[in-house]
Amino acid sequence: MKYRDFLQQLIYKIINPLVHGMIKVGITPNFITTTGLLLNMVAAAIFIYAGACCPGELSYVGWGGGIVLFAGLFDMMDGRVARVGNMSSTFGAFYDSVLDRYSELFTLLGISYYLLLNDYLCGSILTSVALIGSLMVSYVRARAEGLDLECKVGLMQRPERVVLAALGAIFTGVFQDVTAFDPMLILIVPMGIIALLANATAFYRIAHCHRLLNK
C-alpha cells in the first residue's frame, strides 16, 4: 500500500542517524529484536499489575501503551540495521518474525487480562479475538509463503495493529479523568477494530491465496 511505503520511508529518514550509530557501536539486529520483545513484556507486566493492584488507575495503561509504541520502533530498527549494516541473515529474519509474534501476543494478553480484572468482560473477549486475528494474519502469510505465494495483502497488518493498540492505551491514560464517557472505551474500541479487521484480513488473505492457486 502506498501510504505504508510513504510512512515507512519517512520513519527511516528519522531513525537513520540512530541506525548508523548502532551499527558503529556493534549493536546487532538480533539484539534489537530481543530488546523489542523485552519491552513488550514489560508493557504486558504493567497492564497486568495495573489490573491486579491498581484498578481504576488508568495512568498505568497510558504508560504501558507508550512502551508498546516505543517497542514498535525497535521492530523497524532491527530490519534497518540488518540491511544498512549488511548483517541480514536467514536466521535473523526467522528470529525477527517469531519474536514479533511473541511481542504482540504478550501485549494483547496483558490488555485482555487488565480488562478482565476490571470487570470489562466484553472488552476482554474482544481483545482475545484481536489476539486470535493477529496470530492468524501472520499464520496465513507464513503458510502461503511455504507454498511460494506472495501474501502481504490486507488492511490490518502488524504496524497498524501495534499503533492502534498503543495509541488506544496511551489516550486511555491521557483522558483518565474524563467524565462525559467511560475512558476505558478509548482502549476497548481499538481492540474491537483490531478484532474485526485483523480477522477480516486473515480471511482476505485466504481468499487471495485461493485466487492465486486457481489461476
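The values are calculated or read from the model by the stated rules, or taken from the named source; none is laboratory data. Everything numeric in this text was worked out from a predicted model, so none of it was measured. Neighbour counts are summed over all protein chains in view; Cβ atoms, including those assigned to glycine, are modelled from backbone coordinates with ideal geometry. Just so you know, the surface numbers come from the protein's heavy atoms only, side chains and all, with ligands and any DNA or RNA stripped out. Shrake-Rupley method; radii C 1.70, N 1.55, O 1.52, S 1.80 Å.
Do any residues in segment 65-81 that are at positive phi have Cβ atoms under 9 Å from those of residues that are small (Gly, Ala, Ser), where the two are at least six apart or on different chains, and which pairs are they?
none
Which condition breaks for Gly65 when tested against (1) assigned to a helix (DSSP H, G or I); (2) modelled with pLDDT under 85; (3) within 30 Å of Asn118 (Cβ to Cβ); (4) not aliphatic (A, V, I, L, M)?
In the conditions (1) assigned to a helix (DSSP H, G or I); (2) modelled with pLDDT under 85; (3) within 30 Å of Asn118 (Cβ to Cβ); (4) not aliphatic (A, V, I, L, M), Gly65 misses (2) alone.
Identify, please: which residue in segment 154-169 is open to solvent by 40 Å² or more (accessible area, probe 1.4 Å) and aliphatic (A, V, I, L, M) and is, among those, nearest to Phe74 (Cα to Cα)?
Among residues in segment 154-169 that are open to solvent by 40 Å² or more (accessible area, probe 1.4 Å) and aliphatic (A, V, I, L, M), the one nearest to Phe74 (Cα to Cα) is Val163.
Six or more apart or on different chains, Cβ under 6 Å: which pairs go from a residue in segment 190-215 that's farther than 18 Å from Glu150 by Cβ to one that's surrounded by fewer than 18 Cβ atoms within 10 Å (Cβ to Cβ)? Could you list them?
Close Cβ pairs (under 6 Å, with a partner that is surrounded by fewer than 18 Cβ atoms within 10 Å (Cβ to Cβ)) amount to Leu197/Leu155.
Of everything in segment 92-148 that's acidic (Asp, Glu) and surrounded by 15 or more Cβ atoms within 10 Å (Cβ to Cβ), which residue is farthest from the chain's Cα centre (by Cα)?
Filtering segment 92-148 for residues that are acidic (Asp, Glu) and surrounded by 15 or more Cβ atoms within 10 Å (Cβ to Cβ), the one farthest from the chain's Cα centre (by Cα) comes out as Asp96.
Within segment 151-164, does at least one residue satisfy the condition of being within 19 Å of Ser103 (Cβ to Cβ), touching a Pro at 6+ places or on another chain (Cβ under 9 Å) and part of a helix (DSSP H, G or I)?
Yes, the conditions are met somewhere in segment 151-164.
Scan segment 48-62 for residues that are open to solvent by less than 60 Å² (accessible area, probe 1.4 Å), under 10 Å from Gly173 (Cα atoms) and part of a helix (DSSP H, G or I) and report the count.
So the count comes out to 3.
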